[in-house]
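**Q** Take a look at the following structure, please.
The values are calculated or read from the model by the stated rules, or taken from the named source; none is laboratory data. Since we're looking at a predicted model, the values are computed, not measured. No Cβ is skipped: glycine too gets one built from the backbone with ideal geometry, and neighbour counts run over all protein chains shown.
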Amino acid sequence: MRYEFGAELAQRDGIDVHVHIECSDHGHASLPQALTDASAKYFKAEDRSPSLDTIAERYREWNLAAVVFTVDATTALGHEPNSIEEIAEGAARNNDVLIPFGSVDPLQVPQAVERARQLVEEFGVKGFKFHPSLQGFDPSEEKYYPIYEAIQELGVPALFHTGQNGMGAG
């Protein structure tokens, strides 16, 4: 199922651009267990794994839309991300409030370029999320430019998580 924007997005009070999908509908965690535990402790969160449909219900209640994504840090973490296709399909079911963003493993440049094209063209993702410290890369290095160029050609935005840890990017 390919995602298309829902007509009600313009009627929302705002858009939350940072909603991680921590667990797939099939129980696959987006991060290795040690990182999931540390994140839950840091954020003092009780429910770190609501389904996409539950997230959609919450955002409808709040009259907000949400950008939903996972982070592909396969090479850096040795852990497969949640299915971005599944996230896009869940967002398509709830396209009045959810907007799917894709993620590609920047440490796999040629594959990341092709994967970005596939996620936009076949699944309708509306942008990409990068998390440099988690993905283990410095986004200013020229070797990653082909990924950014492909995303630009696809006409979608790229968001970078920044902060104070790791390589100066969080």
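**Q** Kindly list, by first and then second residue, each pair from a residue in region 137-160 that is closer than 17 Å to D105 by Cβ and in contact (Cβ under 8 Å) with a residue 60 or more places away in the chain to a residue that is among the charged types (D, E, K, R) and outside any helix (DSSP H, G or I), limited to pairs with Cβ atoms under 6 Å and residues at least 6 apart or on different chains.
**A** Listed pairs, sorted by first residue: L159/K129.
**Q** Pick from region 83-127 the residues that are without any contact (Cβ under 8 Å) to a residue 40 or more places away in the chain and of a type in the set (S, T, N, Q): which of them is nearest to H26 (Cα to Cα)?
**A** So, considering only residues that are without any contact (Cβ under 8 Å) to a residue 40 or more places away in the chain and of a type in the set (S, T, N, Q), the one nearest to H26 (Cα to Cα) is S103.
**Q** Do you know which of the residues in region 1-26 that are modelled with pLDDT of 85 or more and within 15 Å of the chain's Cα centre (by Cα) is surrounded by the fewest Cβ atoms within 10 Å (Cβ to Cβ)?
**A** H18
**Q** Against the conditions (1) modelled with pLDDT of 95 or more; (2) touching a Gly at 6+ places or on another chain (Cβ under 6 Å), where does A66 fall short? Just the number, please.
**A** (2)
**Q** Restricting the search to region 73-122, which residues are closer than 18 Å to A150 by Cα, more than 12 Å from the chain's Cα centre (by Cα) and of a type in the set (D, E)?
**A** Once the filter is applied, which keeps residues that are closer than 18 Å to A150 by Cα, more than 12 Å from the chain's Cα centre (by Cα) and of a type in the set (D, E), region 73-122 yields E114, E121, E122.
**Q** Taking into account only those residues within region 102-120 that are assigned to a loop (DSSP other than H, G, I, E, B) and of a type in the set (S, T, N, Q), which is farthest from A34 (Cα to Cα)?
**A** Residue satisfying both the conditions and the ranking: Q108.
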